[in-house]
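Okay, so here's the structure we're looking at.
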Amino acid sequence: MTQKRFNWAILGCGKIAAKFSSDLKLLPNARLYAAASRSQYKSQVFADKYGFEKAYGSYEEMVADPEVDIVYVATPHSHHRDHVILCVEQGKAVLVEKAFALTATQAAEMIDAAHRNKVFLMEAFWTRFQPSFQKAMEVLQSGDLGKAWMMRSEFCFYSPYNPDNRLYNLALGGGSLLDVGIYPVFWALQIFGTPSEIQTTADLAPTGADRSIAVTFKYPGGEIAQLASSLAVCSDTQTEIWCEKGFIRVRRIDPSTVKVTISAKDKSEEELIFHLDNGFGLFLEAQHVMECLDAGLTESPMLPHSFTLLQMQLLDEIRTIAGVRYEGPPPTPSLESRGL
Ligand SMILES: NC(=O)c1ccc[n+]([C@@H]2O[C@H](COP(=O)([O-])OP(=O)(O)OC[C@H]3O[C@@H](n4cnc5c(N)ncnc54)[C@H](OP(=O)(O)O)[C@@H]3O)[C@@H](O)[C@H]2O)c1
């Protein structure tokens, strides 16, 4: 349990900010201090609903408030770079939603700004803090199932095509990869590390955003990861890790429940259910941020900047192969530039 009570502010009062705010209420050391929106009316409605003490009608006014300790940035990924830099330049600790940025170049700028200002910065990567993920990694690292050689991971949901929707609008960082494909990429990076080969096939929506994308990572040791995401279909939201003596399956059953199956070749199957009685599971990352700040850290040991940067570089690489181009971002680094 952490010591200090921290004043949290929300930057961007959208859908995920609503869930995050209701989760913050579960943490006794989190004070719901300020909500900031581009609209004063919207921030006031949001603040009243979730119990924030102050409502700001601009992000700039909120970050100028010296009482704000931590800002949760919940705008579209296209705006994360500018909003994170706005906060860190004012000395605020920042938890920013995934995807951390549009490109690796933007991510590096954000991390540099946090270093320069000596403030904490972390990507709000939900999965990293879930007990189900930690259990799967623990089983894998125990070696009980032998070496993992292959894995398959997907995250798909159906969202009807609408060029103005954030999910399909390239100006807002649209596409399945940055919205949900980032989760399978995260799993592969955690399990096998940096791939040496990337193959990608994508179906682009008329806006140019990737509607569906399939990715294969190959590793120097021979390991293979098959990943997929889509805005066009429903799927199981499942990750399977195939090992020499069995497999692990992590499957999201509903928003509050994840089932982890550990199936050994010579033994019966073990099924573990991870169920949240309260909240959406976002309080785990918020609690971790406060623990890091109590310990005087500017970077999370669970989700270091080097990992976030590497993940952004892989996402750049996948998008480049798939032919998805955002408006304005600088050229993406190539595999060669990462020394692969
Ligand atoms: N961790 C998770 O499980 C999870 C789930 C969903 C989304 N996310 C991430 O969270 C971020 C926001 O997603 P969301 O679904 O909450 O989006 P959303 O409902 O569209 O909300 C985004 C908010 O950003 C603000 N904003 C600032 N500039 C904007 C612009 N030019 N256009 C639109 N909105 C703008 C708006 O707040 P104001 O009008 O109040 O200024 C808006 O309400 C994305 O990066 C997404 O990937 C994470």
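The values are calculated or read from the model by the stated rules, or taken from the named source; none is laboratory data. In this text the structure is predicted, and so the values were computed from the model without any measurement. Ideal geometry is used to build each Cβ from the backbone, glycine not excepted, and the neighbour counts take in all protein chains shown. Areas reflect the complete protein model, heavy atoms only, side chains present, ligands, DNA and RNA absent. Shrake-Rupley method; radii C 1.70, N 1.55, O 1.52, S 1.80 Å.
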Query - the range 28-57: number of residues that are in a loop (DSSP other than H, G, I, E, B) and either surrounded by 22 or more Cβ atoms within 10 Å (Cβ to Cβ) or in contact (Cβ under 8 Å) with a residue 40 or more places away in the chain (or both) - result: 3
Query raised in the report: Hey, among the residues in the range 1-15 that are out of contact with any Lys or Arg (no Cβ under 9 Å at 6 or more places or on another chain) and open to solvent by 60 Å² or more (accessible area, probe 1.4 Å), which one's farthest from the ligand (Cβ to nearest atom)?
Result: Gln3
Requested in this report: Say whether the condition of being within 12 Å of the ligand (Cβ to nearest atom), closer than 24 Å to Glu317 by Cβ and not polar (S, T, N, Q) is met by at least one residue in the range 138-154.
Outcome: no
Report task. Might you check whether a residue that is within 16 Å of the ligand (Cβ to nearest atom), open to solvent by less than 20 Å² (accessible area, probe 1.4 Å) and not acidic (Asp, Glu) occurs anywhere in the range 264-282? Result -> yes
**Report entry** Only listed residue being outside the structural domain of Asp210 (by TED's automatic domain parsing) and touching a residue at least 40 places away in the same chain (Cβ under 8 Å), chosen from Leu95, Leu145
**Finding:** Leu95
Query raised in the report: In this structure, does Ala232 turn out to be within 18 Å of the chain's Cα centre (by Cα) and open to solvent by 20 Å² or more (accessible area, probe 1.4 Å)?
Result: no
Requested in this report: Please find, within the range 107-128, the residue that is nearest to the chain's Cα centre (by Cα) out of those that are within 14 Å of the ligand (Cβ to nearest atom) and open to solvent by 10 Å² or more (accessible area, probe 1.4 Å).
Outcome: Trp126
Query raised in the report: Out of all the residues in the range 44-57, is one or more farther than 18 Å from Cys292 by Cβ, of a type outside the set (D, E, K, R) and away from the ligand (no atom under 13 Å from the Cβ)?
Result: yes
Query raised in the report: Across the range 131-175, what is the total count of residues that are farther than 23 Å from Thr320 by Cβ, surrounded by 19 or more Cβ atoms within 10 Å (Cβ to Cβ) and of a type in the set (S, T, N, Q)?
Result: 1
Report task. Check the range 75-90 and report whether any residue there is touching a Ser or Thr at 6+ places or on another chain (Cβ under 6 Å) and within 16 Å of the ligand (Cβ to nearest atom). Result -> yes
Report summary line: Note: among His77, His83, just one is open to solvent by less than 10 Å² (accessible area, probe 1.4 Å), in contact (Cβ under 8 Å) with a residue 60 or more places away in the chain and under 18 Å from the mean Cα position of the chain (by Cα), namely His77
Report summary line: Per the filter on the range 16-27, residues open to solvent by 10 Å² or more (accessible area, probe 1.4 Å) and away from the ligand (no atom under 11 Å from the Cβ) are Ser22, Lys25, Leu26, Leu27
